[in-house]
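The values are calculated or read from the model by the stated rules, or taken from the named source; none is laboratory data. This one's a predicted model, so the numbers in the text were calculated from it and none came from an experiment. Every residue, glycine as well, gets a Cβ built from its backbone with ideal geometry; the counts of neighbours run over all protein chains shown. Keep in mind that these areas ignore ligands, DNA and RNA; they rest on the heavy atoms of the full protein, side chains included. Shrake-Rupley method; radii C 1.70, N 1.55, O 1.52, S 1.80 Å.
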Amino acid sequence: MKRPILCVPNPILRAKSFPVDPKKDIGLIKKYIIDLEETLSKKDKPKGVGLSMPQIGKNVQIFSILLPLSMNVPNSGRPPKDEKDELEEEPILATYLNPVIVETSQEFTFGPDPKEPILEGCLSIPAIYGPVPRFTWIRLSYLTPKFETQENTFYGFFGRVIQHEFDHLEGILFTDYILKYKLPLYEMHGKTMKEIDPDIAKSF
C-alpha cells in the first residue's frame, strides 16, 4: 500500500532504526516491503531513487533503491531526468534488509566532476539540495526480501544513494553534512536553483 512520506522535522526521521527478525515477524516484514516498494515506485513529482522505512513511519532497517543496475559503476553520475531514452536500461527496484557497511573506500567524492558536485536531495526535505561527500564505494552485507544473506559492492551514484538511505536508518539526514562541513545549500524555485542560508538545516 502506498504510504505518505514523512517530512522534516518529524522525530521519526531522527530516531535510529531496529533490525528486523524474519524468524519472528515474517508477515509484518513482508508488509513493510510491499508498502515501501509501492510508495517508492509510485512516487512522482518528484520521482525518487531511494526510500527508507523511517520515511514512511517505521523505524526498522529496510530501504529500497530504484535505479538502473548499469549505474553501479565507478564515477557514474545522476541519471537524466525525463529522458528515458537516454537510460541504458529501466530502473530496477531492489530492497535491502538489516544492511551493514562492512568496508568502504578511503577516498570521498562529490561526484565524477569536481567542478560540478552532485547535489543530493531527499523526499523528506522537499525542494532542498546540497553537495555531500560520500565514499567512492562501499561494501554492504544485507538480507534480500527472500531473507537470503548477500554481500555486494556499490559504486558511483548507486553507492551514493545506498549511503543516503543507510543514513536514514541511523537518523542522519544529508543536510547534517552541509552543517558539519559548512557546505552550500540550495532551494529549487520552479526550474531555478537558488542558494539559501545553510543554517535553515538546523531546524531539520
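Couple of notes before you dig in:
- Dipole orientation for the chain: of the candidates Ser17, Phe154, Met71, Ser17 has the Cα lying most toward the positive pole (charges on Cβ; Lys, Arg +1; Asp, Glu -1).
- Taking amide H as placed 1.01 Å from N in the peptide plane, Tyr155 has its amide H under 5 Å from the amide H of Val73, each at least 5 places away in sequence or on another chain.
- Diffusion coefficient of segment 58-204 by Stokes-Einstein, Kirkwood radius over Cα pairs, 4 °C, 1.567 mPa s: 80 µm²/s.
- Highest mean first, the peptides 157-170, 178-191 sorted by other C-beta atoms within 10 Å per residue fall in the order 157-170, 178-191.
- Solvent-accessible area per residue, Å², over the chain with all protein chains present [probe radius 1.4 Å]: 54 Å²
- Neighbour cut-off at most 13 other Cβ (10 Å), DSSP loop, GluC sites (Glu not before Pro), segment 1-100: Glu83, Glu88, Glu89
- Which listed pairs, of Lys182/Lys202; Lys23/Lys146; Lys47/Lys182; Lys180/Lys202; Lys45/Lys182, have C-alpha distances above 18 Å, in listed order: Lys47/Lys182; Lys45/Lys182
- Basic side chains Lys and Arg get +1 at the Cβ, acidic Asp and Glu get -1 at the Cβ, and with that the dipole of segment 23-80 about its Cα centre reaches some 80 debye.
- Simple Cβ-charge dipole of the chain, Lys/Arg +1 and Asp/Glu -1, about Cα centre, in debye nearest 20: 680 debye
- Here the Karplus curve 6.51 cos²θ - 1.76 cosθ + 1.60, taken at θ = phi - 60°, turns the phi angles of segment 195-204 into couplings of 6, 10, 5, x, 5, 4, 5, 5, 7, 7 Hz, with x standing for Gly and Pro.
- Projecting the Cα atoms of Phe204, Met193, Phe135 onto the charge dipole of the chain, computed from C-beta unit charges around the Cα centre, puts Phe204 farthest toward the positive end.
- Inter-label distance, nm, simple model (7 Å from Cα along the C-beta direction), Lys24/Lys191: 5.2 nm
- Here the chain has 55 percent of its accessible surface on carbon and sulfur atoms, given a 1.4 Å probe and all protein chains in place.
- Among Met1, Phe110, His168 - extreme Cα towards positive end, dipole of the chain, charges at beta-carbon: Met1
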